Amino acid sequence: MPLRFSALLLLALLAAGCRPDQIEHLKDTKRIAIEAENWQVKRIMPQDLLRATRWAGDSLSNQGNRELQLLMASELQKGGVAQALPYCRPEHYASMDTLARTLQASVRRVSPRPRNPANRAALPATELQPDTQRVVRRPSAEVFFYQRPIVLSSQECLRCHGEVGKDISAADYALIQKQYPQDQATGYRLGQVMGAWQVQLQRPGVAEFYTMKTRKIMKRSKLF
């Protein structure tokens, strides 16, 4: 039994043994009751862990997508493709690394047509669908897997991944090829799927995330 819950129970028992004129009525008892219930240990079912895997994967990929768009827009404005190209690696951002460690996760981006050959992966056509598509599974007792499509969703992305000669200038493509001689990540249009986020998570991290997430949801629903 958690220490906090035990303390609340002891307080209640002591109060019950007092005379009515000795009892000091507790204030904010509704909040205390919610806190006590939130601290109780609850069994986490397999389907709960799969749900938490999706929540965690969405948190990581949303963070990466959001930071990538903001940073690329800023760097493109500062110095064009030459300035922005080194920053198109959101899976390596410091904030992503911090969040991944908290969730006990490893994150990568893959594509059948990558810029960097190290990111190549054969993805079934059924998994290269719009951003509503998710793959969540449990390869083993201790490991969970999450996958989400990467969609080209902004004009800024076309400057590095669009059509050469139309969206990408010859000079900019020369810079891209100098750094990535085997580049295949061009010729895309707005709304097309370019690849996928893939996240592998360890069971303790998923379980802890589920506990934190549901505790917050429960607390909000009871307070409001």
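Taking Lys and Arg as +1 and Asp and Glu as -1, the other residues whose beta-carbon sits under 14 Å from that of residue 173 total 0. For residue 194, the residues 5 or more places off, or on other chains, whose built amide H falls under 5 Å of its own are 150, 151, 152. For residue 102 and residue 87, the difference between the fully extended length at 0.36 nm per residue and the C-alpha to C-alpha distance is 3.1 nm. Distance between the C-alpha centres of the stretch 56-74 and the stretch 147-206: 14 Å, rounded to the whole angstrom. Suppose R0 equals 41 Å; then what is the FRET efficiency for residue 164 and residue 45 from their Cβ-Cβ distance, rounded to the nearest 0.05? It comes to 0.20.
Rounded to 0.05, the FRET efficiency of the residue 70 and residue 190 pair, given R0 = 25 Å and the Cβ-Cβ distance, is 0.85. Extension gain, residue 215 to residue 179: 0.36 nm times the residue separation minus the Cα-Cα distance gives 8.3 nm.
None of the figures in this text is laboratory data; all of them are computed from the coordinates on show. Keep in mind that what you see is a predicted model, and the values were worked out from it rather than measured. Cβ coordinates were reconstructed from backbone atoms using ideal geometry, including for glycine residues, and neighbour counts include every protein chain displayed.
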